[in-house]
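The values are calculated or read from the model by the stated rules, or taken from the named source; none is laboratory data. What you are looking at is a predicted structure, and each value in this text was computed from that prediction instead of being measured. Glycine also receives a Cβ, built like all others from the backbone with ideal geometry; neighbour counts cover every protein chain displayed.
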Amino acid sequence: MPQGSLAGGLPTVVAQATPPGISALAIIRLTGPETLDILSRITQKPTTSFKPGRARLTYIYNSSGQLLDHVVATYYRAPNSYTGEDVVDISCHGGLTTPKSITTACIDFGAVPAPPGEFTKRAFVNGKLDLSQAEAVADIIRAKTEKSQRIGAAALGGMLSNEISSMREELIAIIGHMGAELDFLDHESTKVEKAEWASKISSLKNTLCSLLETFSGGRVFRDGALVVITGKPNVGKSSLLNTIIKEERVIVSVEPGTTTDAVDAHYDLGGIPVLFVDTAGIREAKTQIESIGIGIAKNYLSSAALVLWVWSADELPNQLDAITSKPYFSAPTIIVINKSDLITGNHSKTKYSSFSGKHLFVSAKTGHNISRLLSEIETTLSLDVSVDQPLLTNKRHQTSLNSALISINRSLDTLGSGEPNELLLSDLGVCLSHLDTILGITTPDHILNSVFNKFCVGK
């Protein structure tokens, strides 16, 4: 658990915990040593009138004694709260004015505005969450699909933390046994012990590698997959996007070059959060605006997880291979031959028979083969991820585990080389420090600031 405590060391903070805007309700959250006193002042009631864990219907007043709202205030006494400190959640009427007025009243009575992630940061420092669990809170908030949310919830529940903690405990046991026995072993027994150590370290390495292998799939569920729709102008790229998302998201026109900027749309594809991006047609630019649009398209292509290269069924494919081989991207590609409704018989389809890449005839106009296209996209992304196993979704965690793996490999090399055993213990100690960083047991301040600055205000 993290070292230190916030108790008595930091001011009481306040923030609106719900998004601003017109709504039935909003929540204003207070936490810190003066929470109960501030609640007493804004309600004009004694502190004894608020019982831990119980909601109370009350009125809120500003510093001038003016009535602001009729609210429900719920008090949570430390350490039995989200932050580990005293916490009050004030459920007030929503809107643009009332939540702001109540927040201002709290500030007038001694609270300070909470920076992004302050509530969860205090939960971490006070030992209510480890750092990986704290990061999972942000993942849940940002989840774009139900499966993404379940993965975040599993991490918040400790699935990843437990796996890291288990590896950590095993590593500590190895270090402890080695440190205690090294100075008391004769030559022959040392050989036996080293074989046992190598076996245990190798087992730990396998567990670490298995967890690292989940990152590619886990990262997609956390951050989403970028699927870029590209091709020549007027082949039906925008129509294809509109048909996929079942929404008139993009203006469609027979005039070539209607789409000059990238247009995106989120889509839940079997639990995978997909960001479809409709780009300007790839061609020789005739104007500066066209050139900018094509440049944007190429930038998207360079970071795509999958490219849908759209072609028109009424055009000859003699340039198909040449176009798709241009160095705009390296992602997997599906050739989407649109406007299949214009084809009569099989004559036009035979023109594409020599093309060896993955291709599919569709019609954005009629919806023909759109469901099959979505299946192909899902298959191509091929994410075999289960929410019932520990998953690596965070780049910071992957970086730390990769560094831990380097130290593990170095320790195995030391075991086999006959180098001083002190080097072996040093390598294992470095590995332990990388695991500690994931959990936040030993984490530099700049990493903590980077983690919590990404949170929204009020969480």
Given (1) loosely packed, with under 15 Cβ neighbours inside 10 Å; (2) closer than 30 Å to G271 by Cα; (3) of a type in the set (A, V, I, L, M, F, W, C); (4) in the same structural domain as L39 (by TED's automatic domain parsing), identify the lone condition not met by F124.
(1)
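Being part of a strand (DSSP E or B) and either acidic (D, E) or farther than 30 Å from S161 by Cα (or both): is that true of L39 here? Talk me through it step by step, then tell me what you get.
Working: part of a strand (DSSP E or B): no; either acidic (D, E) or farther than 30 Å from S161 by Cα (or both): yes.
No.
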Test each condition in (1) surrounded by 21 or more Cβ atoms within 10 Å (Cβ to Cβ); (2) farther than 19 Å from K454 by Cβ; (3) basic (K, R) for K100 and report the one that comes out false.
(1)
Leading residue by the ranking (surrounded by the fewest Cβ atoms within 10 Å (Cβ to Cβ)) among those in segment 127-147 that are touching a Gly at 6+ places or on another chain (Cβ under 7 Å) and under 15 Å from N453 (Cα atoms)
D139
Is it fair to say R410 is among the basic types (K, R), in contact with a helix residue (DSSP H, G or I) (Cβ under 9 Å, 6 or more places away or on another chain) and modelled with pLDDT of 90 or more?
yes
Counting only helices (runs of 4 or more DSSP H) wholly inside segment 118-226, the ones holding at least 1 residues that are modelled with pLDDT of 90 or more and under 30 Å from T279 (Cβ atoms) are 131-142, 146-156, 215-223
Please give the number of the condition E118 fails out of (1) touching a Phe, Trp or Tyr at 6+ places or on another chain (Cβ under 8 Å); (2) of a type in the set (D, E); (3) surrounded by fewer than 19 Cβ atoms within 10 Å (Cβ to Cβ).
(3)
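To keep it simple, each residue is scored yes or no on (1) surrounded by 13 or more Cβ atoms within 10 Å (Cβ to Cβ); (2) hydroxyl-bearing (S, T, Y); (3) touching a Gly at 6+ places or on another chain (Cβ under 9 Å); (4) at positive phi.
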{"residue": "A15", "(1), (2), (3), (4)": "yes, no, yes, no"}
{"residue": "L30", "(1), (2), (3), (4)": "yes, no, no, no"}
{"residue": "K45", "(1), (2), (3), (4)": "yes, no, no, no"}
{"residue": "Y59", "(1), (2), (3), (4)": "yes, yes, no, no"}
{"residue": "V72", "(1), (2), (3), (4)": "yes, no, no, no"}
{"residue": "Y75", "(1), (2), (3), (4)": "yes, yes, yes, no"}
{"residue": "P79", "(1), (2), (3), (4)": "yes, no, yes, no"}
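Determine whether segment 416-425 contains at least one residue that is without any contact (Cβ under 8 Å) to a residue 24 or more places away in the chain, acidic (D, E) and surrounded by 14 or more Cβ atoms within 10 Å (Cβ to Cβ).
Within segment 416-425, none of the residues are without any contact (Cβ under 8 Å) to a residue 24 or more places away in the chain, acidic (D, E) and surrounded by 14 or more Cβ atoms within 10 Å (Cβ to Cβ).
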Lone unmet requirement of (1) part of a strand (DSSP E or B); (2) touching a residue at least 24 places away in the same chain (Cβ under 8 Å); (3) not aromatic (F, W, Y) for H70:
(2)
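Limited to segment 330-384, what total is found for residues that are at negative phi and at pLDDT 70 or above?
Of all residues in segment 330-384, those at negative phi come to 330-338, 340-344, 346-366, 368, 370-381, 383-384.
Applying the additional criterion that residues be at pLDDT 70 or above yields 330-338, 340-343, 358-366, 368, 370-381.
The total comes to 35.
A quick yes/no check of all residues on (1) more than 29 Å from G152 (Cβ to Cβ); (2) polar (S, T, N, Q); (3) touching a helix residue (DSSP H, G or I) at 6+ places or on another chain (Cβ under 8 Å); (4) at pLDDT 85 or above:
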residue	(1), (2), (3), (4)
N234	yes, yes, no, no
N242	yes, yes, no, yes
V250	yes, no, yes, no
L275	no, no, no, yes
A280	yes, no, yes, no
K286	yes, no, no, no
L301	yes, no, no, no
L316	yes, no, no, no
D321	yes, no, no, no
